[in-house]
Amino acid sequence: LGVAMGVSAVLRAYACAQAGKGLAVQVPDALFVTADARRLEHAALNIMTNALEAMSTAGGTRLLVRAAAIGKDWVELTFDDDGPGFAEPDRAFDAFYSTKPVGSGTGLGLALAQRFITEAGGSITAENRPSGGGRVTLRLLAATAPPTVPGVTAVSAVSAATAATANPGQASDV
C-alpha cells in the first residue's frame with residue numbers, strides 16, 4: 001500500500017506545489033492490501049487529481065491521504081480535502097458524470113477508481129466532510145507482508161513522497 005500511495009503522491013506532488021496546494025501522505029509502510037498495485041496507483045491518482053482540480057477552481061488548500069488498519073481484515077484509505085466538497089456525492093462514481101465545464105473532463109476518473117477497487121474486493125465511498133471539503137474512502141482487504149528476497153532492500157516510496165511534498169521541486173535521496 002505504501003509503495004502505491006507513494007508513487008501516486010510523487011506524481012501529484014509537483015502539480016500540488018504548482019497550484020499552491022499542500023499534499024500530505026500518512027500511510028504506514030507496514031500496511032499491505034490485496035489489490036493490483038498499478039490499479040491502486042491509478043485509482044489514487046484519479047482521486048488526487050479530482051481533489052486538486054476542485055481545490056484549484058473552488059477554493060481549498062490541502063489534501064491529506066491517510067491509511068489505517070480496520071481490525072485484522074481491512075485497511076481503510078482516506079483522501080480528505082478542504083475544497084468545496086461534492087455537489088452530488090451519490091453520483092460521484094457515475095460514469096461520465098462531471099461538474100466540470102464541457103471539455104474539461106471526461107467524468108471517468110472516479111468511475112474507474114470504483115471499478116478498480118470493487119474488482120479487488122473492496123469498497124469506495126464519497127461524502128462531504130462536516131467541517132467542509134470532500135472525503136473519498138477506500139476499504140481494501142488486508143494482506144500479510146510479502147516475502148523478503150535475500151539481497152533486495154525495499155525502499156519506502158512513502159518516504160520519497162513525503163520528501164517530495166515537503167520540498168517540491170527538489171530531488172529526493174530515495
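The values are calculated or read from the model by the stated rules, or taken from the named source; none is laboratory data. What you are looking at is a predicted structure, and each value in this text was computed from that prediction instead of being measured. FYI the Cβ positions are ideal-geometry reconstructions off the backbone, even for glycines, and counts take in every protein chain you see. The accessibility values were calculated without ligands, DNA or RNA, using every heavy atom of the protein model including side chains. Shrake-Rupley method; radii C 1.70, N 1.55, O 1.52, S 1.80 Å.
Using heavy atoms of the protein chains and a probe of 1.4 Å, the accessible area assigned to ASP90 is about 150 Å². Fully extending the segment from ARG38 to GLN18 would add 4.7 nm, taking 0.36 nm per residue of separation and subtracting the current Cα-Cα distance.
How many percent of the accessible area of the stretch 20-59 is carbon or sulfur, using a 1.4 Å probe?
On the way: 970 of 1810 Å².
Answer for the stretch 20-59: carbon and sulfur cover 54 percent of the accessible area.
Site pair ARG62 and ARG91 shows an inter-label distance of 3.2 nm when each label is modelled 7 Å from Cα along Cα→Cβ.
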